[in-house]
Amino acid sequence: MALDLIFFARVLVFPGFLFLLVLVLFFDWLERKIAARFQNRMGPSYTGPFGILQPIADYIKLFSKEDITPKQTNKLLFVAAPLLAFSLFVFALFFIPIDGSNVVLYSSFEGDLILVLLLVTLANFGIFLSGWASLNPYSEIGATRVLTQFLGYDIPLIILAICPAFLAKSLSIVNITASQTLPFALLIPWSCVLFVIALQAELEKDPFDIPHAETEIVGGYETEYSGRKLAFIKLSEDFQFLIGAALVTVLFLGGAHGPVLFGMPELWHIFWFMVKTIGVVFILEYVGNVSARLRIDQVVHGNWKLLIPLSILSLALTVIVEPLLRSVIG
Amino acid sequence: MEKFENAVEVLKNNLADAIVECRVPKPRKAYILLKPERHREAISLLLKHVEDAELSTISGTDLGNEIELNYHMACGGTVTLKNRVSREKPVTRTITDILPGANLYEREVFDLLGVTFEGHPNLERLMLPENWPKGDYPLRRDWKPNANQEGESNSEEASQTESAAELDDAGSVISVVMGPQHPLLHEPERFTFKVDGETVVDAEMRLGYVHRGIEKAAERMMYFQDVFLVERICGICNAAHTTCFCQAVEDIGNIETPPRALYLRTIIHELNRVHSHLLLLGVAGHLLGFEALFQHVWRDREPIMDIVERITGNRLMSGFNAIGGVRRDITPNTVEKALKSVEEVRKRAKFYKVVFEEDATLRLRTEGVGVLSKSDALKLCVEGPVARGSGIDVDVRKEDPYAAYGEIPFNVICYKDGDTWARLMVRAEEVVESLDIIDYALGNLPAGRLRVRVQRKQPEGEAVSRVEAPRGELIHYVKSDGTAYPYRVKVRSPTLANLVAFPEIIRGAYIADIPAVIGSFDPCFSCTDRMVFLDTQNGRRWRWSLDEVNNSKNRNVVS
């Protein structure tokens with residue numbers, strides 16, 4: 001019974017669903033605030049202190065708005081796709097050790113890194129399906145762009161995720177995190193930089209925000225969505241952003257591990273996790289704000305001709321220098 | 001100037017038998033009345049013998065029993081070739097085979113005056129809505145807005161089915177409609193792109209969503225009132241429109257504008273250009289997905305708006321020009337403040353020039369995109385920064401100096417590349433050039449009166465007036481019949497001239513190039529659509545009531 005209570009508390013409250021939701025909303029706000037400061041604007045400032053409640057207000061508004069399903073669409077897909085994408089992203093987050101261990105205790109296993117990457121891939125298909133089901137020229141072009149771009153960047157992303165796994169000699173995220181006495185970003189910086197670039201594309205941020213280039217195809221795959229379903233799409237985008245930032249943190253920055261000065265180690269774990277993830281968010285936003293949107297053909301060329309060979313090279317390099325690094329890791 | 005005299009000489013020597021009357025009342029302005037159907041020869045001659053000759057526009061005037069078609073040719077000045085057709089059977093030969101750039105102008109005259117151009121490739125409506133009654137030509141003198149409003153109705157359905165048929169897709173080619181409401185456009189126009197994957201196969205455009213009937217309305221107002229009317233054609237280049245109109249009227253009435261007024265006009269005109277170009281550079285950033293650039297440029301545009309407000313009392317609609325001068329003076333204190341702001345903006349403008357030159361992502365998106373070669377640009381008669389981006393060295397300020405431009409040193413920026421990047425760079429550099437002009441004009445303001453008194457009635461006559469608006473050559477043609485009301489006011493804004501080229505160069509490009517190319521054209525549709533009379537009270541045939549809107553939504557949508 002006691003175990004059950006802890007189980008439910010962890011899944012539903014901390015560090016499970018509720019906490020993740022708050023975290024996602026916080027990152028949403030942070031993202032907007034950083035972008036605004038880059039653009040010489042104020043950003044959200046009225047709702048709550050420093051406008052921190054603005055994302056909540058926005059979601060409440062979206063959830064209470066009229067929800068329209070166009071007549072011609074495939075209704076099942078149209079409704080299910082955003083929910084599918086959303087739940088897959090949440091599920092994937094459950095395997096990220098936020099306070100040092102997974103949301104469901106002792107659920108970490110050898111290979112959950114692959115599971116997380118797989119879930120993210122599947123969720124992206126959900127996003128593609130949502131656009132495809134809309135039967136709108138803008139959505140269709142947007143959905144096609146999601147897939148085209150995705151095929152390019154998902155492969156290098158997975159190859160690059162193998163690099164830290166190789167150093168840690170484990171495919172379990174918890175083990176990878178635990179084995180980073182020195183963050184892997186310092187040991188194999190080349191993989192880390194490439195991973196962030198591939199991630200930028202995965203998260204559809206400038207210069208890779210081609211699938212929803214508003215001046216070309218309005219909302220891209222989400223053009224036809226409104227109300228609750230749009231809220232779920234937006235939420236899944238936010239969750240994806242958190243997963244992306246968290247993946248960099250756990251794979252390359254040592255995750256929740258850092259110096260514990262006093263008090264409960266769990267709180268320090270959360271603290272380090274947050275600090276590192278905010279740093280990653282800042283880098284992602286920085287890149288996004290100093291570049292124009294590329295064109296889909298340029299991105300496809302870049303991915304297949306540049307990023308994939310480079311990521312294979314960086315994996316090879318990691319394998320070669322691994323014996324050297326091992327002495328450093330100890 | 002030589003070019004202009006050469007052009008008139010060529011016509012006089014080679015077409016003596018066709019010329020009925022030839023007047024050159026002002027330097028660089030010629031009005032040549034031709035015998036019917038001789039206009040094609042005259043235009044071919046000019047194109048052959050005058051370097052970089054372009055057609056500015058075609059304006060039609062209803063003379064009572066004849067319709068006069070004025071072909072305004074830009075060659076150093078303006079040579080206006082007049083071709084008269086009968087009003088009962090208004091038919092003439094097209095010039096689109098000689099000069100493809102005349103396409104839209106002929107459609108416009110066809111639409112509004114009912115003149116048929118034989119041999120035109122697609123003589124269809126340009127400005128009026130599809131359900132406008134046939135045989136109703138609003139720019140004819142006897143047309144009254146109220147008399148003809150009870151035509152056949154429910155063409156709403158007709159136009160809907162038509163657009164449904166248009167969108168019938170075949171194979172892998174799908175139609176993507178951008179506009180009238182689309183984030184790409186800041187004003188309502190419709191572009192239909194046939195798209196195969198990511199490639200644009202074909203493009204069509206439909207203008208006329210923001211008609212306000214200004215040309216017709218101008219005939220019903222006195223000259224001094226019309227100044228405020230033409231100002232409202234476009235917010236961004238309002239000073240260009242008023243300057244142009246005032247010049248035309250001053251030309252008709254032989255009014256000498258005091259030099260101080262000319263300098264002040266120049267200052268406001270250039271401030272307009274600076275803020276318009278900065279606006280466009282920011283919009284280009286937005287269209288290319290570079291939000292930070294957009295926000296920064298727009299913030300740096302604010303000091304310019306502040307100077308305009310300080311000088312004229314308004315941020316945007318300056319209300320500054322009047323026939324015979326300007327309406328407000330500038331104080332030494334303001335001059336000092338303006339000079340300081342200009343210095344501030346100049347620093348930023350130079351920085352943005354570097355950004356456009358050096359930013360890798362911007363160059364990836366704009367270089368080699370939407371190339372318009374010099375020969376095509378000449379054939380399509382494009383104007384302003386679009387022409388200068390394609391290596392045509394045209395600038396009304398240089399070749400036909402007006403206001404104080406004859407006395408102010410400045411350079412005409414010209415790029416040879418002809419791509420989107422070149423068009424944006426022309427603007428980025430022109431901002432700095434304009435700031436120099438403002439600097440010079442503020443430093444060398446002559447003393448004297450602000451304006452001369454002008455009578456309401458103007459003598460009989462006609463005048464073509466040209467200015468270099470931010471988007472290119474703006475031309476006003478005013479005809480007076482000796483009363484206080486103009487007989488005809490014709491406005492051709494630069495966007496209409498440049499839009500002809502858009503479908504031509506977008507074919508074969510990527511979808512993502514559409515915003516880039518449109519942005520580099522800097523379209524201003526409120527300028528372009530200005531002349532149709534839409535009476536909001538009687539125009540209910542094509543407007544839906546709120547109930548109808550709700551019903552139609554329920555028909556198409558289930559929630």
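The values are calculated or read from the model by the stated rules, or taken from the named source; none is laboratory data. Everything numeric here is computed off the predicted structure, so don't read it as measured data. Here the Cβ positions follow ideal geometry from the backbone for every residue, glycine too, while neighbour counts run over all protein chains shown. Areas reflect the complete protein model, heavy atoms only, side chains present, ligands, DNA and RNA absent. Shrake-Rupley method; radii C 1.70, N 1.55, O 1.52, S 1.80 Å.
With the structure loaded, tell me whether B:V283 is in contact with a Leu (Cβ under 7 Å, 6 or more places away or on another chain) and either modelled with pLDDT of 90 or more or assigned to a helix (DSSP H, G or I) (or both) or whether it fails that test. Considered against the rule, which asks whether it is in contact with a Leu (Cβ under 7 Å, 6 or more places away or on another chain) and either modelled with pLDDT of 90 or more or assigned to a helix (DSSP H, G or I) (or both), B:V283 comes out as no. The residues on offer are A:I176, A:I210, A:I217, and the sole one that is crowded, with 24+ Cβ neighbours inside 10 Å, in contact with a Leu (Cβ under 8 Å, 6 or more places away or on another chain), within 14 Å of another protein chain (Cβ to nearest Cβ) and at negative phi is A:I210.
Considered as a group, the residues in the range B:377-422 that are over 20 Å from the mean Cα position of the chain (by Cα) and among the charged types (D, E, K, R) include one that is least open to solvent (accessible area, probe 1.4 Å), and that residue is B:D419. Among the residues of the range B:22-59, those that are in contact (Cβ under 8 Å) with a residue 24 or more places away in the chain, open to solvent by 10 Å² or more (accessible area, probe 1.4 Å) and charged (D, E, K, R) comprise B:K26, B:R28, B:K29, B:E37, B:R38, B:R40, B:E41, B:E51, B:D52. Could you please find all residues in the range B:347-376 being open to solvent by 20 Å² or more (accessible area, probe 1.4 Å), of a type outside the set (G, A, S) and either at positive phi or part of a loop (DSSP other than H, G, I, E, B) (or both)? Of everything in the range B:347-376, those that are open to solvent by 20 Å² or more (accessible area, probe 1.4 Å), of a type outside the set (G, A, S) and either at positive phi or part of a loop (DSSP other than H, G, I, E, B) (or both) turn out to be B:D359, B:E367, B:V371.
Among the residues making up the range A:243-266, those that are over 22 Å from A:I197 (Cα atoms) and either within 14 Å of another protein chain (Cβ to nearest Cβ) or in contact (Cβ under 8 Å) with a residue 60 or more places away in the chain (or both) are A:A256, A:H257, A:P265, A:E266.
Condition first: without any contact (Cβ under 8 Å) to a residue 60 or more places away in the chain, of a type in the set (D, E) and in a helix (DSSP H, G or I). Can you find one or more residues in the range B:250-262 that meet it? Checking the range B:250-262: not a single residue is without any contact (Cβ under 8 Å) to a residue 60 or more places away in the chain, of a type in the set (D, E) and in a helix (DSSP H, G or I).
Surrounded by fewer than 21 Cβ atoms within 10 Å (Cβ to Cβ) and hydrophobic (A, V, I, L, M, F, W, C): does that describe B:I19? Criteria met by B:I19.
Can you spot a residue in the range A:180-192 that is in contact with a strand residue (DSSP E or B) (Cβ under 8 Å, 6 or more places away or on another chain), open to solvent by 40 Å² or more (accessible area, probe 1.4 Å) and on the phi < 0 side of the Ramachandran plot? No, the conditions are met nowhere in the range A:180-192. If you take the residues of the range A:35-59 that are touching an Asp or Glu at 6+ places or on another chain (Cβ under 9 Å) and within 11 Å of chain B (Cβ to nearest Cβ), which of them is most open to solvent (accessible area, probe 1.4 Å)? That would be A:F38. Could you tell me whether B:V50 is at pLDDT below 85 and among the β-branched types (V, I, T)? Answer is yes for this residue. Here A:G279, A:G302, A:G263 are screened, and the one residue that is surrounded by fewer than 22 Cβ atoms within 10 Å (Cβ to Cβ) and on the phi > 0 side of the Ramachandran plot is A:G263.
Checking each residue in the range B:181-193 for being crowded, with 16+ Cβ neighbours inside 10 Å and either in contact (Cβ under 8 Å) with a residue 40 or more places away in the chain or more than 11 Å from every other protein chain (Cβ to nearest Cβ) (or both) picks out B:L184, B:L185, B:E187, B:P188, B:E189, B:R190, B:F191, B:F193. Residue pairs whose Cβ atoms lie under 6 Å apart, sitting 6 or more positions apart in sequence or on different chains, and linking a residue in the range A:290-302 that is within 7 Å of another protein chain (Cβ to nearest Cβ) and farther than 17 Å from A:I217 by Cβ to a partner that is at pLDDT below 85 and open to solvent by 10 Å² or more (accessible area, probe 1.4 Å), are A:S291/A:D206; A:S291/A:P207. Checking each residue in the range B:309-327 for being over 21 Å from the mean Cα position of the chain (by Cα) and over 17 Å from B:V454 (Cβ atoms) picks out B:E309, B:R310, B:I311, B:T312, B:G313, B:N314, B:R315.
One residue stands out in the range A:60-86 among those that are within 28 Å of A:T121 (Cα to Cα) and among the charged types (D, E, K, R): the one that is surrounded by the fewest Cβ atoms within 10 Å (Cβ to Cβ), namely A:K75.
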